[in-house]
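Everything on this sheet refers to the single structure shown next.
The values are calculated or read from the model by the stated rules, or taken from the named source; none is laboratory data. These numbers were taken from a predicted model, which means no experiment stands behind them. As a convention, Cβ positions derive from the backbone with ideal geometry for all residues, glycine included, and neighbour counts pool all protein chains shown. Note: accessible area is taken over every heavy atom of the protein model, side chains too, but ligands, DNA and RNA are not part of it. Shrake-Rupley method; radii C 1.70, N 1.55, O 1.52, S 1.80 Å.
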Amino acid sequence: MKKSIKTFLKHPTKDSSNRSANPAVIRASTILFNSMQELYQHEKKIKNHQKVSHYSYGRYGSSTTIELENMLKELEQAHHVFLTGTGFGGVALAIMSMCRPGDELLVSDNVYGPTKEISEKLLKEFNINAKFYNPNSFDDLKSNLSDKTKMILVENPGSNTFEFQDLSKIVSLAKKRKILTFLDNTWGTPLYLKPLKLGFDMSFSSATKYFSGHSDAMGGSLAVNKKVFNKIMFFYKLSGYRMSADEAYLIIRGLRTLDTRLKQHYENTKQVINFLKKQKKIKEILYPHNPSSKNYKLWKKYYSGATGLLSIVIKSKKKSSVIKFVNSLELFGIGYSWGGFESLAILQELKSNKKHEYLQGRKYYRFDKDEHIVRLHIGLEDSNDLIQDLKNCLRYIK
C-alpha cells in the first residue's frame, strides 16, 4: 500500500522484538560480531551503501540513529542522511567535507550567524576564501563566481530577514559551472520543500528546531545525493560528528507529529500577522504574507506550506523601549533557537559597522535610522492569547 508522507511519519521505526510502538534506544560503542568473516561482510555492506540495521562501530551511529536516518531519507528523498550532534554540525560537516585549500565558497549574506563565522574566520586559516553575495540579486551571485568556486551555500529564507531566492536559477547556474550546492532548509523543512528534488546536492535542516519540536534535543540532518556521498562519508567517519541515540530517539518522537504541528504553527502565525498588520508601530513584517511581494511569489513557487518563524521591523528612536517590549511579553520566552511548542521573541543585533566583526552583521540589508528587528517564533498556544500579549506590550514602544 502506497502511503502519504503524513502516514509514513506515524508508522516506521517500531521495535518488533519488544513489541513497542517506538524504537529502542541503543547506546553502544563496541558492536559484537560472531566471526571475523561476519564483521568483514558487514563492513563491505556499509561501504557499498547497502541497507543495514547496525554499524560496525559506535562512532558511526547506532540502531536508533539508523532508524532516524531512514525516516529522513524518505522525507528528503535522499541518497543518504548524515546525523550530527548539533544543528550547526551539519553545516560544518558539509563545508569541511567538500572544501579544500585554494577553493572559494560563495555564501548568501543572510545566513545563520555561525555559518557566517565559520566561513569568514575558520576557512581563512585553511586558505579557503569565502565570498558573500546579495540574496536579493541573482546578478550579484553570478558576478561573484570564479573558476575557484567550489560550493554555493544558500539559506532560504534568509536568517532573521527572510529573503527568498529563485532556487532553480541557482541550481541551473551551478550545474553549468560544475559547482556544488547546499541549501539550509530549516525554516521550510523537507515536508514543504525538497531541495534534492530541485537539484541541490545537499539539503540541511537543524533537527533541533521543528524536527524535534519540543525544545529538549539537539541535532543536525544533512541529506545528500549520490555525487557527494563518498566524500562526506569519509569525513563523517573520521570526524566523529555523529548524533547520540538519546537525541535520535527524541527527534524521532518529534517527527511523528511534524505535519500536525507545522499546520498549527502556520495557522497561529496567520492570525498573529493579521493583528500585526494593523499596528502602526510595526513598520514591516518579514514573512511571505503579502501576495504582491517578491518573497511571496518565490515562496509560492517552491514551497507547499509555511511555518511559524518571522521578524517584525519596529521604528523607534529608543532602543530601550523595544527591549522593554520584548522583556514585557508574558507568553513569548526570550532565548535562542526556535521550532519548539512555545513562542519566543528576541531582539536581533544585525547592524555592524566594523569590517571583520562577527555578529550577524549584514552587508546588503538596508536599515533605516532607528529601525530594530525583533524575531518572533509563533508557538502552539492559543493565538488569541498570543495576540493579547503582543497588544499589551506594544504600548511600551516609544
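Points worth noting:
- For Asn353, the test of being modelled with pLDDT of 95 or more and either open to solvent by 20 Å² or more (accessible area, probe 1.4 Å) or assigned to a loop (DSSP other than H, G, I, E, B) (or both) is failed.
- The stretch 297-315 - residue that is of a type in the set (Ser, Thr, Tyr) and within 22 Å of Leu350 (Cβ to Cβ) and, of those, surrounded by the fewest Cβ atoms within 10 Å (Cβ to Cβ): Ser311
- Boolean, Asn110 is assigned to a loop (DSSP other than H, G, I, E, B), touching a Gly at 6+ places or on another chain (Cβ under 8 Å), more than 24 Å from His79 (Cα to Cα) and touching a residue at least 12 places away in the same chain (Cβ under 8 Å): yes
- Here Gly199 meets the list (1) open to solvent by 10 Å² or more (accessible area, probe 1.4 Å); (2) at negative phi; (3) touching a Leu at 6+ places or on another chain (Cβ under 9 Å) almost entirely, failing just condition (2).
- From the options Asn268, Asn274, residue that is buried (at least 18 other Cβ atoms within 10 Å of the Cβ) and more than 20 Å from Asn185 (Cα to Cα): Asn268
- Pairing each residue of the stretch 227-243 that is farther than 12 Å from Met96 by Cα with any residue that is β-branched (Val, Ile, Thr) and assigned to a helix (DSSP H, G or I), provided the two are 6+ apart or on different chains, yields C-beta distances under 7 Å for Arg242/Thr65; Met243/Thr65.
- Members of the stretch 18-52 found to be among the β-branched types (Val, Ile, Thr), surrounded by 11 or more Cβ atoms within 10 Å (Cβ to Cβ) and over 29 Å from the mean Cα position of the chain (by Cα), listed by number: Ile31
- Filter result (farther than 12 Å from Cys393 by Cβ, touching a Phe, Trp or Tyr at 6+ places or on another chain (Cβ under 8 Å) and open to solvent by 10 Å² or more (accessible area, probe 1.4 Å)) within the stretch 316-350: Leu344, Ile346
- For the stretch 181-233, filtered to residues that are of a type in the set (Phe, Trp, Tyr) and in a helix (DSSP H, G or I), the residue that is farthest from Lys300 (Cα to Cα) is Phe229.
- For Arg253, the requirement of being out of contact with any helix residue (DSSP H, G or I) (no Cβ under 6 Å at 6 or more places or on another chain), part of a helix (DSSP H, G or I), surrounded by fewer than 20 Cβ atoms within 10 Å (Cβ to Cβ) and of a type in the set (D, E, K, R) is met.
- Segments classed as helices (runs of 4 or more DSSP H), wholly inside the stretch 1-96, with at least 3 members that are over 20 Å from Ala217 (Cβ atoms): 5-10, 36-47
- Yes/no for Phe367 being out of contact with any strand residue (DSSP E or B) (no Cβ under 6 Å at 6 or more places or on another chain) and at pLDDT 95 or above: no
- Within the span defined as the stretch 134-155, one or more residues are assigned to a strand (DSSP E or B), basic (Lys, Arg) and either in contact with a helix residue (DSSP H, G or I) (Cβ under 6 Å, 6 or more places away or on another chain) or more than 30 Å from Thr64 (Cα to Cα) (or both).
- Condition check for Lys294: in contact with a Leu (Cβ under 7 Å, 6 or more places away or on another chain), surrounded by fewer than 18 Cβ atoms within 10 Å (Cβ to Cβ) and either touching a residue at least 40 places away in the same chain (Cβ under 8 Å) or not acidic (Asp, Glu) (or both): no
- Gly240 vs. criteria more than 14 Å from the chain's Cα centre (by Cα), surrounded by fewer than 17 Cβ atoms within 10 Å (Cβ to Cβ), farther than 25 Å from Glu43 by Cα and small (Gly, Ala, Ser): no
- When the test is whether a residue is part of a helix (DSSP H, G or I) and within 19 Å of the chain's Cα centre (by Cα), Lys263 passes it.
- When the stretch 360-394 is filtered for residues that are open to solvent by 40 Å² or more (accessible area, probe 1.4 Å), in a loop (DSSP other than H, G, I, E, B) and within 21 Å of Phe341 (Cα to Cα), the ones remaining, listed by number, are Leu380, Glu381, Asp382.
- Count of the stretch 95-130 residues, restricted to those that are open to solvent by less than 10 Å² (accessible area, probe 1.4 Å) and closer than 23 Å to Gly58 by Cβ, is 1.
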